[in-house]
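Here the structure comes first, spelled out in C-alpha cells, and everything after it is commentary.
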Amino acid sequence: MQSICIPMRRLILTSLLLLVAPVARAEFPPVSTIRLNTVGFLPDAAKVATIAAPGPGVFTVTDASTGATVLEQPLVGPREDADTRELLWIADFSVLTRPGRYNLKAAGTTFTADFTIAPDAFAAPFRTVARGLYLWRCGTAVRGEHNGDIFAQRACHLDDAWMDHVTGEHVRRDGTGGWHDAGDHNKYIVNAAITVGAMLRAWDDYGPAVRAIRLDIPETGGPIPDLLAEVKWEMDWFFKMQLEDGRVLHKLSTLHFGGMIMPDVEDTPRYFTSWSTAATAGFVANMAQFARIVRPFDAAYADRCLAAARKSYAVLVAHPEDTPSDMSKFRTGTYGTKDPDDRLWAAAELWETTGDAAVLADLEARIRALGTRFDEDFGWGSVKNMGFLTYLRSTRDGRDPVLVDVLRKELIAMADLIIGRSQHGGYGRPLGSIYYWGCHGGVAMQTMLLQNAHRLTGRAIYRTVALQSVDHLLGRNYFGRSMVTGVGRFPPMRPHDRRSAGDQVDAPWPGYLVGGPEKGARDWDDLTPRYQVNETAINWNGAMIYALAGFLPTP
Ligand code: 9MR
Ligand code: ZN
C-alpha cells in the first residue's frame, strides 16, 4: 500500500464510497399544483381540491362545455402538511352538485384541473379494479380490453406444483388456478384470505350495488353474481391447498422471485411450502364466509365450503400452538404472521355461518384475550378487525351484550381517531404520518372502519372521510396522480408488475392500486424496479374494491 500516492488513495476511497453509499434518487415531481380526485365526485358529496401554490386568493370553477363561471370562492388556508413539507390551500366546491364536466383554476397556479360530477363516478373504476382480479387468474388464458389496448396471457403454471418441500418427495399435487399474488406470479394463502375477506365484505355491505356492475368475466350471465364468481375462482384453488386432514399449505411459489416475464413463459418449478396455522385460519374464515354468501346461488358449493371450513377449524382446535410454515428454502414472499388474530377471524366467520355455540365461546374468549381495541391500520398481518366487524354486525342470538357494547364503542372511537388523522395534513389521508410498503392498501382498508361506524351511528362524517380516502388514492395526494393503473388522470405507468413489464403493450395492465410512498410522503416513484412503492398486489385491490363499492350508484 505504501506505493499508492495520496490522490490515488483518494480515488480508491471515493469509488469504494460510491459503491456503498445509497444512490441518490431524483425526487419524482408532482404532475400539478392542483391535486384532486381525478376520477370524479358524487353530486351530493363533499368536494375538495388541495392547492400547492402560494395563496391567498380565489379559485374559480367553470363549466367545461359553456365556459361559464359557476363558482368563485376564496381558497382556505394555508395549512401546513408536515409530511410533504408544503403550505397548502383548500378549494372547497361542495356546493356544486349538478352533474357535468368542469374546470378548476386557482390563484398562484397556471394549471387547470378538469373534473366531473356524476352519480356513477365510481362505477367504471370499480369494474376496472375488480376485473384486475380476473386478469390475475393463474392456470387459464385471460384477455381484457382497456382504453383500446388488449391485455392477454395464455394459460400459465399448468405444472403447479411440487411437494418436495412438504413431504420430501418429488411428487406433483394439483395446485393450478387461483390468482397470482402481486407483481410476482406466486400464490400465498394468507394474502389471498384478506383479499377475499375484503371482497366478501364489499358484498355484505353493498351487495345490490355491487351486483349491478357487470364485470364481463367468463362467468358473467351465469347463476353466481360476478364478484362472487371471481371469488369462487379463488376458492376453487383454496380447496387444492387443503390437505386431506384439513391442514392448509401456506403458499405455492418458485424458490426465488422470477424475472420480469409473462406468467405463461415462466417455467421454473414451483413448490408448495408446509402448512401453517395462520393459513389454515384464513382458509376457515374465507370458506365459512363464502359458504354463507354463495348459498342462495349455489347451495352444493356452499356445502362443500362449509365442510372444508369445519374440517380445518377442527385442525386449529387440535393444534392450539402457532405453527409457521417452513419456508427456509424459499426467497419469495413469506406473509409470516402470528396466528391469534387469524384464529379469531376464523371463529367469527364460522360462528356467523353456523351459529355453533362452542365456536361462539371460542370467539368471545379470543376477543377478550386479544383486547377489544380495533387496529387503526390493518391488512394481511392483522385481521382481528375482520372478526370484530362480523361479530358486531351479526344478528344472531347468544352474543355477550357487554362485549358487543364495548366493541361498538371501540369501533366509534377508532373511527373518530381516523377522522382526526385525516384532518392532520392537507390531503385527507386517514393514516396520519405512516408511510410503508403497501400503505395505500392500509388507507383503502380504513374505509371499512369508517363505513361501519357510519352504518352504526348514521353520522355522515364517517362516510365523508371514507370518500376522502378514495379521493386521496385517486389523485388528491402530493403527486396529483391517480394511484390506480388505467384509472383517472396521470395513473402509474410503470408499476412493478411482471406482466406490464413483460408484454408488448406500453400501457400497464389496468385496474391496480400501487403500494404507495414508503418512509416519507414524497418517497414514491413510478418506476418498475421500485417494488417497495410501485408494486401491485391482490390485497390492495381487495381493499380498493371495498372502498369503491361504498360509493357505487344505488340500483
Ligand atoms: O405487502 C407485503 C408487505 O406488507 C411486506 O412488508 C413485504 C415484505 O415482506 O411484502 C409485501 O408483499 C409482497 C409479497 O411478499 C410477495 N409478493 C408481492 C407482495 C407485494 O409487494
Ligand atoms: Zn400462473
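The table for this structure:
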item	result
Residue within the stretch 502-514 that is part of a helix (DSSP H, G or I), within 16 Å of ligand 1 (Cβ to nearest atom) and buried (at least 23 other Cβ atoms within 10 Å of the Cβ) present	no
Contacts under 7 angstrom Cβ, first residue in the stretch 116-145 being under 16 Å from Ile538 (Cβ atoms) and free of Cβ contacts under 8 Å to residues at least 60 places away in the same chain, partner within 14 Å of ligand 2 (Cβ to nearest atom) and part of a strand (DSSP E or B), 6 or more apart	Val142/Ala152; Val142/Gln153
Candidates Arg522, Arg494, Arg481, filtered to the one that is touching a Gly at 6+ places or on another chain (Cβ under 7 Å), part of a loop (DSSP other than H, G, I, E, B) and open to solvent by 10 Å² or more (accessible area, probe 1.4 Å)	Arg481
Residue satisfying all of: in the stretch 525-540; open to solvent by less than 10 Å² (accessible area, probe 1.4 Å) and within 11 Å of ligand 1 (Cβ to nearest atom); nearest to Leu200 (Cα to Cα) among these	Ile538
Among (1) closer than 23 Å to Arg127 by Cα; (2) within 16 Å of ligand 2 (Cβ to nearest atom), the one test that Gly488 misses	(2)
Residue ID - most open to solvent (accessible area, probe 1.4 Å), chosen from residues in the stretch 286-298 that are in a helix (DSSP H, G or I) and over 14 Å from Ala193 (Cβ atoms)	Arg292
Matching residues, the stretch 84-106, being open to solvent by less than 30 Å² (accessible area, probe 1.4 Å) and either free of Cβ contacts under 8 Å to residues at least 12 places away in the same chain or not in a strand (DSSP E or B) (or both)	Thr84, Phe93, Leu96
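The values are calculated or read from the model by the stated rules, or taken from the named source; none is laboratory data. What you are looking at is a predicted structure, and each value in this text was computed from that prediction instead of being measured. Glycine gets a Cβ as well: all are built from the backbone with ideal geometry, and neighbour counts include every protein chain shown. Heavy atoms of the whole protein, side chains included, go into the accessibility calculation; ligands, DNA and RNA do not. Shrake-Rupley method; radii C 1.70, N 1.55, O 1.52, S 1.80 Å.
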